[in-house]
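Scroll down for the structure; my scribbles are underneath it.
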Amino acid sequence: GPGSFFLPAVILISVMIGGALAALAIRLLGLGSIREAKAEGERLRQQAEKEAETIRDRATVEAEKNAMRVKENAERDIRTRSEKLRTEERDFEKAQNKHELAVERLDREKGEVEELREELEELREQAKRRKEELEHVIAEEKAVLLKAADMSAEEAAQRVLRLVEDDVRTEMGELVRRETEKANEQAEEKSRDILLNAMERFAGEIATESTVRSIALPSDDIKGRIIGREGRNIKAFQQLAGVDLIVDDTPGIVVVSSFDKVRQTVAAEALEKLMGDGRIHPSRIEEVINQKKEEVDARVLRYGEEAVAELRLRRVHPEIVRAMGRLMFRSSYGQNVLKHSIEVAYFSRMIAEQLGLNGRIARRCGFLHDIGKAMDHEMEGPHPAVGAEFAKRYGEKDPVLNVIAAHHRDVPSTSFYTPVVMAADALSGARPGARRESMERYIQKLQQLQDIAMEHKGVTEAHAVQAGREVRVMIDAKKIDDDRAFLLARQIADQVSKEMTFPGEIKVTVLRETRAVEVAR
């Protein structure tokens, strides 16, 4: 091993070192005696031999240690490889067993498939024979029927088609009834709970306004001062305020008319202040109107900030806040738009949370859905489109933009929050007292509901009830059965949805009853 070559080399090196040292000592002690030099050389040689022996012993020990380590490493490597081989052998045996089981299962399934194939061929042959027998029987029966009824093939076919049509219609009505009952069981209770919960938890104040505002006068004498010499005061007022000022023979009042509620408010408050201090002339009118515009603008901003704070909305651009504040002076079907927007925000949050959506996002979408109604004539287009453009300009993102643009179905809905806000919008407008309708329009809607129901075959009576929220339809029990009654209700509901425009929903109730009448004498 390595120790056998190492020891002689060490001895040789030690002797050479000893000889060199002896020569060096003799040279250094050249003036001494040769004996002393030899003695010194012998001493140095012995010392070198001792050192060589020490080095040899150390080398021997080190070599033995190295040999022991090599042996241990070799044994450990052998054990590791043996364990690995045993593991691979066990895995191979398992895989072989699985393979054998798979082959057995495959053979068994193959046999079952063959049996099924044979059975299928037999059933196919039986079906073929049955079909031939049935066709033969049908041909014979057809000939007998044609001979007995004295009908042509075409007449018989039409009669069969009518019978089949009645059967299909009956089956369709039964299918509609079953599916409707199934859907109602799953959805009606849940939807009712969601909507009622939202309505019960929020009932906002309803404010209605008109396009005119009457201003009470302290006396009729002030009318002349409002008009001014040759009408200069009233002309200046109307031009600066952007409203129509109606001063007629009606005692004690002056009417401010404008579709813009902000202008109407500025004009009314300016006129009240002018009448209060008594100075009415064009320069004073301009001063007061400008002052009132600033006050109303500050009020608009305050309304918007209060609404945003009430709803706890974050990072709303000041221009959007100002636009929402202007909605305090807007009305839709007699409903204040800002209060309607707040109400829709609350409804949207409640409905969204019931459906597992983010209530905070739904609240923001519901609040901003009608922001387009705050735009003036400078932005052309329907309020969903201009509102979405305005909101996008000031940093709003989807799904808010899609809700604004699509809540009247002007564009496709791309967000789950859009139908939620649409439901909340309808819910807010449909609450009793939320919106005003003229009596004439109200009666027209009821009449249209009844007319649509009466158009259908088998309907004997139709009555609009619940302020037009439901139409009850009476049908002839002899002509329409229970299954077809469900189909009729669906047909009437679909026609109402297509032909009428209404907030919320209209319930169609079809009543079928059999009346037995007898007279006692």
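The values are calculated or read from the model by the stated rules, or taken from the named source; none is laboratory data. Quantities reported herein were computed from a predicted structural model and do not represent experimental measurements. Methodologically, a virtual Cβ is constructed for each residue, glycine included, from the backbone with ideal geometry; neighbour enumeration extends over all protein chains shown. All accessible areas refer to the heavy atoms of the entire protein, side chains included, with ligands and DNA or RNA removed. Shrake-Rupley method; radii C 1.70, N 1.55, O 1.52, S 1.80 Å.
Are any of the residues in the range 373-382 in contact with a His (Cβ under 8 Å, 6 or more places away or on another chain), under 23 Å from Pro318 (Cβ atoms) and touching a residue at least 60 places away in the same chain (Cβ under 8 Å)?
Among the residues of the range 373-382, not one is in contact with a His (Cβ under 8 Å, 6 or more places away or on another chain), under 23 Å from Pro318 (Cβ atoms) and touching a residue at least 60 places away in the same chain (Cβ under 8 Å), which makes the answer no.
Quick test for you: out of Lys293, Lys261, pick the one residue that is at pLDDT 85 or above, charged (D, E, K, R) and within 24 Å of Ala323 (Cα to Cα).
Lys293
Quick one: Val465 ticks every box in (1) open to solvent by 50 Å² or more (accessible area, probe 1.4 Å); (2) without any contact (Cβ under 8 Å) to a residue 12 or more places away in the chain except a single one, so which number is it?
That leaves (1) as the condition not met.
Would you mind telling me which numbered condition in (1) under 30 Å from Lys397 (Cα atoms); (2) touching a residue at least 40 places away in the same chain (Cβ under 8 Å) Ile289 fails?
If we test Ile289 against (1) under 30 Å from Lys397 (Cα atoms); (2) touching a residue at least 40 places away in the same chain (Cβ under 8 Å), just (1) comes out false.
Give the residue, chosen from Asn66, Asn73, that is part of a helix (DSSP H, G or I), touching a helix residue (DSSP H, G or I) at 6+ places or on another chain (Cβ under 8 Å) and either under 30 Å from Leu12 (Cα atoms) or polar (S, T, N, Q) (or both).
When all the criteria are applied, what remains is Asn66.
Every residue, every condition in (1) open to solvent by 70 Å² or more (accessible area, probe 1.4 Å); (2) in contact with a strand residue (DSSP E or B) (Cβ under 8 Å, 6 or more places away or on another chain); (3) more than 15 Å from Lys235 (Cα to Cα); (4) among the charged types (D, E, K, R), yes or no:
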{"residue": "Phe259", "(1), (2), (3), (4)": "yes, no, yes, no"}
{"residue": "Arg263", "(1), (2), (3), (4)": "yes, no, yes, yes"}
{"residue": "Ser283", "(1), (2), (3), (4)": "yes, no, no, no"}
{"residue": "Glu286", "(1), (2), (3), (4)": "yes, no, no, yes"}
{"residue": "Asp297", "(1), (2), (3), (4)": "yes, no, yes, yes"}
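Hey, Val386 hits all of (1) more than 20 Å from Ser331 (Cβ to Cβ); (2) aliphatic (A, V, I, L, M); (3) part of a helix (DSSP H, G or I) but one; which does it fall short on?
Looking at each condition in turn, Val386 falls short on (1).
How many residues does the range 390-424 contain that are in contact with a Leu (Cβ under 9 Å, 6 or more places away or on another chain) and without any contact (Cβ under 8 Å) to a residue 12 or more places away in the chain?
1
Only one residue in Glu89, Glu104, Glu64, Glu100 is open to solvent by 100 Å² or more (accessible area, probe 1.4 Å), modelled with pLDDT of 85 or more and under 54 Å from the mean Cα position of the chain (by Cα), so which one is that?
Every option except Glu104 fails the conditions.
Report, by residue number, each residue of the range 243-280 that is hydrophobic (A, V, I, L, M, F, W, C), within 53 Å of the chain's Cα centre (by Cα) and in a loop (DSSP other than H, G, I, E, B).
Val243, Phe259
Looking at the range 396-407, is at least one residue at pLDDT below 85 and more than 20 Å from the chain's Cα centre (by Cα)?
no
Find the residue count for the range 406-428, including only residues that are of a type in the set (D, E, K, R) and open to solvent by 70 Å² or more (accessible area, probe 1.4 Å).
Total satisfying the criteria: 2.
Take the range 356-377 and flag every residue that is open to solvent by less than 10 Å² (accessible area, probe 1.4 Å) and either under 13 Å from Met324 (Cβ atoms) or small (Gly, Ala, Ser) (or both).
Those that are open to solvent by less than 10 Å² (accessible area, probe 1.4 Å) and either under 13 Å from Met324 (Cβ atoms) or small (Gly, Ala, Ser) (or both): Gly359, Ala362, Gly366, Phe367, Leu368, His369, Asp370, Ile371, Gly372, Ala374.
Could you list all residues from the range 385-394 that are open to solvent by less than 50 Å² (accessible area, probe 1.4 Å) and either out of contact with any Gly (no Cβ under 6 Å at 6 or more places or on another chain) or modelled with pLDDT under 80 (or both)?
Hits for the range 385-394 are Ala388, Phe390, Ala391.
Kindly list, by first and then second residue, each pair from a residue in the range 478-492 that is without any contact (Cβ under 8 Å) to a residue 24 or more places away in the chain and open to solvent by 80 Å² or more (accessible area, probe 1.4 Å) to a residue that is of a type outside the set (Phe, Trp, Tyr) and not in a helix (DSSP H, G or I), limited to pairs with Cβ atoms under 7 Å and residues at least 6 apart or on different chains.
Matching pairs, first to second residue: Lys479/Gly458.
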